[in-house]
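Q: Starting off with a structure, shown below.
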Amino acid sequence: MRVRSGPGKWARAVLAASAAAGLVMAAATGCSGSSAAAGPPTGSPAPVRPAATHAAKAPGADRAAAFHKWGVPLLPLPPHPPAVKPVRTGPGLMPVVSRIPTTQKIVFVTFDDGAEKDPRFVAMMRDLDIPFTMFLTDDIIKSDYGYFKPLQALGNSIQDHTLTHADLPTDSAAGQRAEICTQQAKLTHEYGVRPGLFRPPYGDWNAATLAAAKSCGGLRAAILWRETMQIKRVTFQDPTKKFHPGDIVLAHFRGPSQLKGESMTKMVGIMLKSIAAQGFTVARLDDYV
């Protein structure tokens, strides 16, 4: 079974994968194709986190000045993480998630691939302290693993986006396992933390993809998305062009050569303005999955 196009086209396929993989939550299209369905919002206890977190900083003049510096409206601080994560994970489960079950006006920002390595983006994220998750591909980042370490040091996790950005369902089960598990091992070696989340390139997956991810050990969910950041606008799956509580937003590490002359910081600023304009703020994905 291959899952690639919009929800109506492959709903029956997803339900079949759901039976094999456990909870499968509403999926998405964006960075290419994707997959989806829905599952009960049950969860597991959240692990103890370090004392320093994104939500720990108090709002104040310095924070407001930082947002003003980058031309971004001041976003509210994210709420404290839930005591129990709303996405159910555990042995035998590999949920496919594009929206987190929550009623709070929060979204989750993710950046894929790792092609652009703009030092101004590091400065921007240091100033704004916006939580985000990185899904990195080894073929794209291996020229400069070190670029992502300051971003990780800010509290942003580095997760698995395969070794070569392969279209996984076109590969054998063994090939998919090599793409996912080898990248998990490489990221662990480079960044000292074992990835627990996985994103299939293009949002394209099948039952063998989820089985391969489970076989690696430690990967607890496949992460898709609801919105995609383009050069100067957010593309919504929802025809009303609205964010919903818990939406996962896809962006990429891209620079002027991919953004028609625009910088990554300009693109991110536009994305954050769009989030703020609808009364949302950004929370940390790892706290909910």
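Q: Which pairs do you get when a residue that is crowded, with 17+ Cβ neighbours inside 10 Å, found in segment 252-275, comes within reach of a residue that is among the polar types (S, T, N, Q), reach meaning Cβ atoms under 8 angstrom, with the pair 6+ apart or on two chains?
A: Matching pairs, first to second residue: His252/Gln258; Gly255/Ser263; Ile275/Thr281.
Q: Let me ask something else about it. Looking at (1) open to solvent by less than 20 Å² (accessible area, probe 1.4 Å); (2) not in a helix (DSSP H, G or I), which one does Gly175 not meet, given that it meets all the others?
A: Just one mismatch for Gly175, condition (2).
Q: Quick check, is Glu227 surrounded by 15 or more Cβ atoms within 10 Å (Cβ to Cβ) and within 18 Å of Pro78 (Cβ to Cβ)?
A: Criteria met by Glu227.
Q: Okay, moving on. Just checking, which of Thr102, Thr137, Thr110, Thr89 is of a type in the set (S, T, N, Q), touching a Lys or Arg at 6+ places or on another chain (Cβ under 7 Å) and modelled with pLDDT of 95 or more? Don't jump to the end; show me each part of the working.
A: On the way: Thr102 fails: touching a Lys or Arg at 6+ places or on another chain (Cβ under 7 Å); Thr137 fails: touching a Lys or Arg at 6+ places or on another chain (Cβ under 7 Å); Thr110 fails: touching a Lys or Arg at 6+ places or on another chain (Cβ under 7 Å).
Going through Thr102, Thr137, Thr110, Thr89 in turn, the sole match is Thr89.
So that you can scan it fast, the table gives a plain yes or no per residue for (1) under 14 Å from the mean Cα position of the chain (by Cα); (2) farther than 19 Å from Leu259 by Cβ; (3) buried (at least 23 other Cβ atoms within 10 Å of the Cβ):
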{"position": "Phe132", "(1), (2), (3)": "yes, no, no"}
{"position": "Pro150", "(1), (2), (3)": "no, yes, no"}
{"position": "Gln159", "(1), (2), (3)": "yes, yes, yes"}
{"position": "Thr170", "(1), (2), (3)": "no, yes, no"}
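Q: OK, next. State whether one or more residues within segment 140-163 are part of a loop (DSSP other than H, G, I, E, B), of a type in the set (Ser, Thr, Tyr) and touching a residue at least 12 places away in the same chain (Cβ under 8 Å). Walk me through how you get there before you give the answer.
A: Step one: of segment 140-163, the residues part of a loop (DSSP other than H, G, I, E, B) are 142-144, 154-157, 161-163.
Among the residues that remain, those that are also of a type in the set (Ser, Thr, Tyr) are: 143, 157, 162.
Filter again for touching a residue at least 12 places away in the same chain (Cβ under 8 Å), leaving 157, 162.
So far as segment 140-163 goes, yes, one or more of its residues are part of a loop (DSSP other than H, G, I, E, B), of a type in the set (Ser, Thr, Tyr) and touching a residue at least 12 places away in the same chain (Cβ under 8 Å).
Q: Which residue pairs have Cβ atoms under 6 Å apart, sit 6 or more places apart or on different chains, and have a first residue in segment 169-195 that is over 17 Å from Ala207 (Cβ atoms) and a second that is of a type in the set (Lys, Arg) and open to solvent by 60 Å² or more (accessible area, probe 1.4 Å)?
A: Once the first residue is over 17 Å from Ala207 (Cβ atoms) and sits in segment 169-195, its partners that are of a type in the set (Lys, Arg) and open to solvent by 60 Å² or more (accessible area, probe 1.4 Å) give Thr188/Arg194.
Q: For segment 214-224, state whether one or more residues are open to solvent by 60 Å² or more (accessible area, probe 1.4 Å), in contact (Cβ under 8 Å) with a residue 60 or more places away in the chain and more than 20 Å from Ser98 (Cα to Cα). Lay out the reasoning, then the answer.
A: Kept after step one, since they are open to solvent by 60 Å² or more (accessible area, probe 1.4 Å), are these residues of segment 214-224: 214, 220.
When the remaining residues are screened for being in contact (Cβ under 8 Å) with a residue 60 or more places away in the chain, the result is 214, 220.
Narrowing further to those that are more than 20 Å from Ser98 (Cα to Cα): none.
Scanning segment 214-224, I find no residue that is open to solvent by 60 Å² or more (accessible area, probe 1.4 Å), in contact (Cβ under 8 Å) with a residue 60 or more places away in the chain and more than 20 Å from Ser98 (Cα to Cα), so the answer is no.
Q: So Gln184 passes all but one of these: (1) open to solvent by 60 Å² or more (accessible area, probe 1.4 Å); (2) within 17 Å of the chain's Cα centre (by Cα). Which condition number does it fail?
A: If we test Gln184 against (1) open to solvent by 60 Å² or more (accessible area, probe 1.4 Å); (2) within 17 Å of the chain's Cα centre (by Cα), just (1) comes out false.
Q: Could you check segment 122-139 and list, in sequence order, the residues that are in a helix (DSSP H, G or I), of a type in the set (A, V, I, L, M) and touching a residue at least 40 places away in the same chain (Cβ under 8 Å)?
A: Within segment 122-139, the subset in a helix (DSSP H, G or I) is 122-128, 138-139.
Filter once more, so that each one left must be of a type in the set (A, V, I, L, M): 122-125, 128.
Answer for segment 122-139, where residues must be in a helix (DSSP H, G or I), of a type in the set (A, V, I, L, M) and touching a residue at least 40 places away in the same chain (Cβ under 8 Å): Met124, Leu128.
Q: Does segment 225-240 include one or more residues that are closer than 19 Å to Thr164 by Cβ and of a type in the set (Lys, Arg)?
A: no
Okay, residues lined up against (1) in contact (Cβ under 8 Å) with a residue 24 or more places away in the chain; (2) over 18 Å from Leu128 (Cβ atoms); (3) open to solvent by 70 Å² or more (accessible area, probe 1.4 Å):
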{"residue": "Phe67", "(1), (2), (3)": "yes, no, no"}
{"residue": "Pro79", "(1), (2), (3)": "yes, no, no"}
{"residue": "Val84", "(1), (2), (3)": "yes, yes, yes"}
{"residue": "Gly90", "(1), (2), (3)": "yes, yes, no"}
{"residue": "Met94", "(1), (2), (3)": "yes, yes, no"}
{"residue": "Val97", "(1), (2), (3)": "yes, yes, no"}
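The values are calculated or read from the model by the stated rules, or taken from the named source; none is laboratory data. Computed from a predicted structure; not experimentally measured. With ideal geometry, Cβ positions are generated from the backbone for all residues, glycine too; neighbour counts draw on all protein chains shown. Note: areas computed on protein heavy atoms with side chains; ligands, DNA, RNA excluded. Shrake-Rupley method; radii C 1.70, N 1.55, O 1.52, S 1.80 Å.
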